[in-house]
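The block underneath contains the structure these notes are about, expressed in structure tokens.
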Amino acid sequence: MKSDTFRPATGMHAITASNLDGLLTHRTENEDLCFWPCQYGHNEVVFEGFVKSEGGIRHLVHRYDRVTLHGAALDTLQHGAFAQRPYKLAQPCDGSINSCVLA
């Protein structure tokens with residue numbers, strides 16, 4: 001983080017590209033959220049998130065001008081692609097099965 005007062009985990013601060021100088025991750029038992037500044041120089045935050053839901057997980061990749069941890073988690077639940085868990089052999093690849101996620 002670029003600022004000692006930037007504390008997005010409190011829910012008080014929006015995450016913007018100007019606040020980030022690298023990867024920001026937030027992991028709990030039910031969420032795995034990652035934020036990083038756009039690698040192409042755009043003033044955007046790139047987001048990838050996984051949130052547990054009944055019968056599986058929700059996965060979302062999105063770009064924001066500004067976002068909070070809570071807002072990103074809610075967007076993932078509402079708009080994320082559903083992936084059934086546990087994974088079954090020959091289940092189609094949906095972008096969420098490349099690594100262990102919220103086992």
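The values are calculated or read from the model by the stated rules, or taken from the named source; none is laboratory data. The structure displayed is predicted, hence computed values, not measured ones. Because the Cβ atoms are built from the backbone with ideal geometry, glycine has one as well, and the counts that use them run over all protein chains shown.
Laid out as a table, the results:
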read-out	value
Wholly within region 16-103, strands (runs of 3 or more DSSP E) carrying at least 3 residues that are out of contact with any Asp or Glu (no Cβ under 7 Å at 6 or more places or on another chain)	24-27, 31-37, 45-53, 56-64
Conditions (1) out of contact with any helix residue (DSSP H, G or I) (no Cβ under 6 Å at 6 or more places or on another chain); (2) surrounded by fewer than 19 Cβ atoms within 10 Å (Cβ to Cβ); number of the one not met by N43	(1)
Contacts under 7 angstrom Cβ, first residue in region 40-58 being at positive phi, partner modelled with pLDDT of 95 or more, 6 or more apart	none
Region 57-86: number of residues that are over 19 Å from H42 (Cβ atoms) and hydrophobic (A, V, I, L, M, F, W, C)	8
